[in-house]
Each structure stands twice: as structure tokens, then as C-alpha cells.
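Following: one structure in C-alpha cells, then a few remarks.
The values are calculated or read from the model by the stated rules, or taken from the named source; none is laboratory data. Since this is a predicted model, take the numbers as computed values, not measurements. Here Cβ is always computed from backbone atoms with ideal geometry, including for glycine, and neighbour counts include all displayed protein chains. With ligands, DNA and RNA removed, areas are computed over all heavy atoms of the protein, side chains included. Shrake-Rupley method; radii C 1.70, N 1.55, O 1.52, S 1.80 Å.
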Amino acid sequence: VQLQASGGGLVQPGGSLRLSCAVSGHAFSRSVVAWFRRAPGKDREFVAGIKWTGDSSLYTDSVKGRFAISRDSAKNTVYLQMNNLKPEDTAVYSCAADLAAARIMTHPGAYTSWGQGTQVTVSS
């Protein structure tokens, strides 16, 4: 499976960005796709995940109410809509797939396929 992340950029505090993760090469019905981020000097952090069926999603506490994860099965794409961005959201964001998931896992070791990262910078 291949994942291609895009949509990062520079935005002012309070602004919005939408990240996209295009997924190809696998039957996705049992998959989970998640977004992780890594800020300078910090460990990789789970941000949000969604079952490909669309019936379940999970968020880390710091983004609840500001970020929304969704998927378009026709386009094989998972989106991360990020609103009310804060400087502490600055990081490299990567998408990853867990291809035979019973539930959404937050540990990066559960994910076997990764896309390249996209930089998100929140600064005035």
C-alpha cells in the first residue's frame, strides 16, 4: 500500500488547513488510516484515526473540537481538517495505515505503511 500526504503549509494562529492522504494499492475495508505528527525534539504523536468503514474515529485530547478526520472512499483519500490552529500544532504530519485493524490504535508501531510527511507551521 502507498500513502501520499499533502496540504501542509504556513498559517497564522487561529487559521485552518486541510491535509490529504491519498491511499492506493490495497483493499481497505479492514484498514485504519491515522495521522501522526512529530514536533522538533519530541516523539511522534497520534493525532487522529479513522476506520475505512467510516463508522469510528479517534482523536488525541489536544485536538478534539478543532480537528476532524474524514475519508472519501470514492477517492481513496483521508482528510484531516484542522481549525483554530495553535503554535503548538507545528509539526511534520504523516499519515499511516494499519491494514488489518480490529480497532484504532494510537501507537505508531501498529502501523505498517507510512506516507511521507508534510510540514505544518503555525506562526504569526
- Note on the structure: Charge tally for neighbours of Val122 with beta carbon under 10 Å away, counting Lys, Arg as +1 and Asp, Glu as -1, is -1
- Item | Local electrostatic count, Arg30, Cβ distance below 13 Å [Lys/Arg +1, Asp/Glu -1] | 0
- Query: Under 18 Å Cα-Cα from Lys86, which aspartates and glutamates qualify once same-chain neighbours fewer than 8 residues away are excluded?
  - Reply: Glu45, Asp61
- Task: Would you work out if the chain is rounded, prolate or oblate? Take a ≥ b ≥ c from the square roots of the eigenvalues of the alpha-carbon gyration tensor; rounded if a/c is under 1.5, else prolate when a/b is larger than b/c, oblate otherwise.
- Result: prolate
- Message: Compute a Gaussian network model of the chain, connecting alpha carbons closer than 10 Å, and tell me which residue from Asp72, Asp61, Asp98 fluctuates the most.
- Response: Asp61
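Based on Cβ point charges of +1 for Lys and Arg and -1 for Asp and Glu, what charge dipole magnitude is obtained for region 13-59 about its Cα centre, in debye rounded to the nearest 20?
100 debye
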- Whether region 27-66 is rounded, prolate or oblate, judged on the alpha carbon gyration tensor where a/c under 1.5 counts as rounded: oblate
- Taking a probe of 1.4 Å and leaving out DNA, RNA and ligands, region 29-124 shows per residue an accessible area in Å² of 49 Å²
- In straight Cα distance, which lysines are under 23 Å from Lys75, not counting same-chain residues fewer than 8 positions off? Lys51
